[in-house]
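**Student:** Dropping the structure in here first, questions after.
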Amino acid sequence: MKKFPLSLPKLCTVAAAVFITACQSPSRPQNSTDSSGHDENEYPQEMARVVAAFQAIRSDSAFLRQFGPAKENQFKLLSREFPLVMGDFDADGDPDAIASFSVLGPEDERIYYAVFLRDKDSLRLAQVLPRGGNDARPFLTLSGLDGKGMVRGEDTADSLAWTVIYKWEGNGLHEVSRAPKPDVPK
């Protein structure tokens, strides 16, 4: 494997700075279902917290027991999609976040959602939801948060699609509703 001229921490710092700059663009579309209630200027700070929280779990022993050691797998945030969902879905008054990440192993790539809860001024991993893999069926796509703290999304398998709704109950997000999506007219 060819050695990259930048170390991983430096590369992550540069990537985070580029992402934060891009997020500050006035042409950046806003997600109308985002109920975080934060000023747009706070958005880059929230993303920096998501990046820091993800960096922390990459060395967490419980996380590594679930996904395997870092020497066998590569863990990365899917920055083209994040933050996927930001808002208060556990109804404690503090903004939480859901971000997608991949685990690239020797044989395949698996994609998950990391559910982070606000803990004072940082985020802590509360749950991991499977999303799917490169060609996995089913494939879960979470898209936003409504004013009632419900996380909305779509689950697809083969040629079928369902609208799904998750709600924070107890210690995690749990599916509370699933309805077939109507066929799109051709």
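The values are calculated or read from the model by the stated rules, or taken from the named source; none is laboratory data. Keep in mind it's a predicted model, so treat the numbers as computed, not measured. Heads up, the Cβs are rebuilt from the backbone with ideal geometry, glycines too, and the neighbour counts pull from every protein chain shown. The protein model used for the area step is the full one, side chains on, heavy atoms only, and it has no ligands, DNA or RNA in it. Shrake-Rupley method; radii C 1.70, N 1.55, O 1.52, S 1.80 Å.
**Student:** Residue by residue through segment 96-132, note down the ones that are over 16 Å from V151 (Cβ atoms) and of a type in the set (S, T, Y).
**Tutor:** Within segment 96-132, S102, S122 qualify.
**Student:** A follow-up question, please. Return the residue satisfying two criteria in turn: it lies in segment 64-89 and is buried (at least 16 other Cβ atoms within 10 Å of the Cβ) and in contact with a Leu (Cβ under 7 Å, 6 or more places away or on another chain), and of such residues it is modelled with the lowest pLDDT.
**Tutor:** Ranking the candidates gives L84 first.
**Student:** Scanning for something modelled with pLDDT under 80 and either open to solvent by 60 Å² or more (accessible area, probe 1.4 Å) or not acidic (D, E) (or both), does segment 44-58 turn up at least one residue?
**Tutor:** The answer is yes, given that some residue of segment 44-58 is modelled with pLDDT under 80 and either open to solvent by 60 Å² or more (accessible area, probe 1.4 Å) or not acidic (D, E) (or both).
**Student:** List pairs: first residue in segment 46-65 and farther than 17 Å from L78 by Cβ and among the polar types (S, T, N, Q), second residue modelled with pLDDT under 90 and loosely packed, with under 15 Cβ neighbours inside 10 Å anywhere in the structure, Cβ distance under 9 angstrom, at least six positions apart or on different chains.
**Tutor:** Once the first residue is farther than 17 Å from L78 by Cβ and among the polar types (S, T, N, Q) and sits in segment 46-65, its partners that are modelled with pLDDT under 90 and loosely packed, with under 15 Cβ neighbours inside 10 Å give S59/A70.
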